[in-house]
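Asks: What follows is a structure written as structure tokens; I'll ask about it next.
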Amino acid sequence: MKNLNVVFMMLALVCASLSSCKKQERELNQNISAIGSISLPANQLAIKLTPSNTLAVQQFSWSPAGSEDGGLILYEVVFDREGGDFSKPAFRVVADGAGVQTKVTISHKDLTKIAALCGIASSSTGTVRWTVVSSKATNRVVARDSRSLLLERPAGFAEVPSELFLTGSASEQGNDITKAIKMKKVEDGVFEIYTLLKPGSYELVDKRTQNARKFYAEGAVIKEGTTGITVSGTAKVYYLKYDFNVAAVVEAVEIQRIGLYMSAYGTEIGQLTYSAGGVWQSGVVPVEFYQFSWGRDERYKFSLHTSSGIKYLGSSNVNNVSPVGQSASYFYLNQVTADQWNNTYKFNPSADRKTVRVMVSLNADGPYTHTVTTL
């Protein structure tokens, strides 16, 4: 009997607990109002977009929406074409603070993408509409207020490739896109390459697959499409540089040769010829340091002979030290001035009155660099 009383008491406690839980349940209040008004930017503000400038931004701000229970409200800015009704926005940006703040800062790079999605072509000006959407749980409310922006897109692509490759019958690797030659990314949207081009055609792609975005140059302008860039005449080595931020061919020059320039003599003591894959090799080069009253001088750098003149490749250090015991970065190559003495390297002391072989690597597999091997 005593055990039955215990069981009844436990059942009573469970029922009381369940009853208490039910009393605490309440339905989530999703009722919210639209935002009060838009503060920034001013209606029909004209913006000349500069997507390559990482500091160029535009702030958007508005007054908060109302909530009956004071619960959390999230915001996003939505963009649409001129005449659009925001039912299918072209682009959405979540407000700062993971959506809870009544403002958001949008870069010119993203505004350029928005302009493109709203039908504004490069080198053109057009209008986009924007407003703010408030949301709480599944309830979404579009602001009654909306504004327009007058956006001026520069020449260039709204979305620049993050990688770039060169492929085609004129390239060193031929038409096999899976073997396309990687170009060096100098900065966002800017790529360069040192490569051999032979008679045929080539194109630029953003990945080594058949569904890659494809680009070509028409004069000094980069365009998207499958038209090949034709190469005629004999095979030659070229330096090519492309800037997708402004859709421009920055440079396209023939590399005639690379010379090993020794500062004290003020001349080249050896020549390097192109082998493949952005690599130049020398033959056997005799080296003899120059005798000054204070000692023997061993400084050198490289002269890059192009169809538009001579450029120089050397050290990032204006005044250099001996290479003995230095890291691999000592041999990294940078574009430097024509100054006879500055930004040079020093031969290993063992190279004096000996012969050397020199290799220069200007490909995207790593930093531009060189090696000097004493024979």
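The values are calculated or read from the model by the stated rules, or taken from the named source; none is laboratory data. These numbers come from a predicted model, not from an experiment. Note that we place each Cβ from the backbone using ideal geometry, even for glycine, and neighbour counts take in every protein chain shown.
Asks: Restricting to region 187-203, and then to whatever is under 16 Å from the mean Cα position of the chain (by Cα) and within 26 Å of residue 257 (Cα to Cα), can you tell me which residue is modelled with the lowest pLDDT?
Replies: This residue is 190.
Asks: Name the strands (runs of 3 or more DSSP E) wholly inside region 233-328 in which the number of residues that are in contact (Cβ under 8 Å) with a residue 60 or more places away in the chain and either over 16 Å from residue 348 (Cβ atoms) or not assigned by TED's automatic domain parsing to the domain that holds residue 359 (or both) is 1 or more.
Replies: Ranges flagged: 236-243, 248-262, 267-276, 279-282, 299-306.
Asks: Would you point out the residue of region 59-77, among those that are part of a strand (DSSP E or B) and without any contact (Cβ under 8 Å) to a residue 60 or more places away in the chain, that is farthest from residue 120 (Cα to Cα)?
Replies: The qualifying residue farthest from residue 120 (Cα to Cα) is 61.
Asks: Within region 151-158, does at least one residue satisfy the condition of being farther than 26 Å from residue 213 by Cα and not in a loop (DSSP other than H, G, I, E, B)? I'd like the intermediate steps shown before the answer.
Replies: Here is the first cut: in region 151-158, the ones farther than 26 Å from residue 213 by Cα are none.
No, every residue in region 151-158 fails to be farther than 26 Å from residue 213 by Cα and not in a loop (DSSP other than H, G, I, E, B).
Asks: On to the next question. On the basis of being crowded, with 16+ Cβ neighbours inside 10 Å and modelled with pLDDT under 95, does residue 364 make the cut?
Replies: Yes, satisfied.
Asks: Quick one: which of 133, 186, 128 is loosely packed, with under 15 Cβ neighbours inside 10 Å, touching a residue at least 24 places away in the same chain (Cβ under 8 Å) and not in a helix (DSSP H, G or I)?
Replies: 186
Asks: Would a scan of region 164-180 turn up a residue that is basic (Lys, Arg), within 27 Å of the chain's Cα centre (by Cα) and not assigned by TED's automatic domain parsing to the domain that holds residue 79?
Replies: Residues of region 164-180 that are basic (Lys, Arg), as a first pass: 179.
Then drop every residue that is not within 27 Å of the chain's Cα centre (by Cα), which leaves 179.
Still in the running and not assigned by TED's automatic domain parsing to the domain that holds residue 79: 179.
Looking through region 164-180, at least one residue is basic (Lys, Arg), within 27 Å of the chain's Cα centre (by Cα) and not assigned by TED's automatic domain parsing to the domain that holds residue 79.
Asks: Going residue by residue through region 206-225, is there one that turns out to be in contact (Cβ under 8 Å) with a residue 24 or more places away in the chain, touching a Ser or Thr at 6+ places or on another chain (Cβ under 6 Å) and not assigned by TED's automatic domain parsing to the domain that holds residue 340?
Replies: yes
Asks: Before we move on, is residue 35 outside any strand (DSSP E or B) and buried (at least 17 other Cβ atoms within 10 Å of the Cβ)?
Replies: So residue 35 fits the description; yes.
Asks: So, of the residues in region 271-320 that are more than 23 Å from residue 361 (Cβ to Cβ) and of a type in the set (D, E, K, R), which turns out to be surrounded by the fewest Cβ atoms within 10 Å (Cβ to Cβ)?
Replies: 296
Asks: Check residue 46 against each of (1) in contact (Cβ under 8 Å) with a residue 60 or more places away in the chain; (2) closer than 18 Å to residue 105 by Cβ; (3) in a strand (DSSP E or B) and name the one condition it does not meet.
Replies: Only one criterion is unmet by residue 46, namely (2).
Asks: Which residue, of 57, 132, is over 23 Å from the mean Cα position of the chain (by Cα) and on the phi < 0 side of the Ramachandran plot?
Replies: 132
Asks: Check whether at least one residue in region 233-253 is at pLDDT 95 or above, of a type in the set (A, V, I, L, M, F, W, C) and under 19 Å from the mean Cα position of the chain (by Cα), and report yes or no.
Replies: Within region 233-253 (the criterion being at pLDDT 95 or above, of a type in the set (A, V, I, L, M, F, W, C) and under 19 Å from the mean Cα position of the chain (by Cα)), the answer is yes, since at least one residue qualifies.
Asks: Something else: Being assigned to a loop (DSSP other than H, G, I, E, B) and touching a strand residue (DSSP E or B) at 6+ places or on another chain (Cβ under 6 Å) is the filter here, so list the residues in region 349-375 that pass it.
Replies: Result: 362, 364, 375.
Asks: Answer yes or no as to whether residue 88 is under 17 Å from residue 141 (Cα atoms) and at pLDDT 90 or above.
Replies: yes
Asks: Continuing with this model, one more query. Please verify whether residue 277 is out of contact with any strand residue (DSSP E or B) (no Cβ under 6 Å at 6 or more places or on another chain) and modelled with pLDDT of 95 or more, treating the condition exactly as stated.
Replies: Considered against the rule, which asks whether it is out of contact with any strand residue (DSSP E or B) (no Cβ under 6 Å at 6 or more places or on another chain) and modelled with pLDDT of 95 or more, residue 277 comes out as yes.
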